[in-house]
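Here, each number is a calculation from the coordinates, and none is a lab measurement. These numbers come from a predicted model, not from an experiment. Cβ atoms come from the backbone with ideal geometry, glycine included; neighbour counts cover every protein chain shown.
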Amino acid sequence: MGAAQNVLNLKMSTIVIVAQIIVALSIIVVWVFRFDNIVKEFKQYGLPDLVRTIVGATKIALATLLIAGIWCPSLVVIPALLMAFLMLCAQVAHIKVRNPWHKYLPSLFLLFLSLFIAAAYTGVITV
């Protein structure tokens with residue numbers, strides 16, 4: 001039973017690391033390579049450029065910490081929870097402007113992944 005449990009733990013740990021990479025790369029792609037779309041969305045939400053800049057810098061910093069957390073796990077919980085909070089804020093912004101449901105999906109997916117990462121690192125779920 002010990003060897004089987006080790007294989008299961010390795011698979012679950014890999015899933016959590018993959019989740020960290022997905023969240024981090026998604027943030028980088030959207031906030032660096034698709035920034036023109038971000039500018040349009042924040043205008044639609046009625047938010048000032050300063051808020052957009054702060055949110056973007058925060059998300060990129062948190063994404064960096066999630067990647068660094070692969071090698072230094074103590075870095076992961078707070079960035080994962082903060083990322084989840086920012087994704088929850090994105091959901092509220094989508095609701096506020098009554099975007100179509102498909103616009104909610106990326107931030108909803110990243111919200112759940114961020115919560116999964118935080119839960120795994122805090123031991124709320126066993127991986």
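Tell me, which residue of the stretch 31-73 that is under 12 Å from the mean Cα position of the chain (by Cα) and without any contact (Cβ under 8 Å) to a residue 40 or more places away in the chain is surrounded by the fewest Cβ atoms within 10 Å (Cβ to Cβ)?
A61
Across the stretch 74-94, which residue is surrounded by the fewest Cβ atoms within 10 Å (Cβ to Cβ) among those that are among the hydrophobic types (A, V, I, L, M, F, W, C) and over 18 Å from R52 (Cα atoms)?
Among residues in the stretch 74-94 that are among the hydrophobic types (A, V, I, L, M, F, W, C) and over 18 Å from R52 (Cα atoms), the one surrounded by the fewest Cβ atoms within 10 Å (Cβ to Cβ) is I78.
Could you grab the pairs with beta carbons closer than 8 Å, sequence gap of 6+ or different chains, first residue in the stretch 100-127 and surrounded by 13 or more Cβ atoms within 10 Å (Cβ to Cβ), second one part of a helix (DSSP H, G or I) and hydroxyl-bearing (S, T, Y)?
If the second residue must be part of a helix (DSSP H, G or I) and hydroxyl-bearing (S, T, Y), the pairs left are P106/S26; L110/S26; V127/S13.
Just to be sure I understand, how many residues within the stretch 90-126 are aliphatic (A, V, I, L, M), touching a helix residue (DSSP H, G or I) at 6+ places or on another chain (Cβ under 9 Å) and within 18 Å of V23 (Cα to Cα)?
The total comes to 10.
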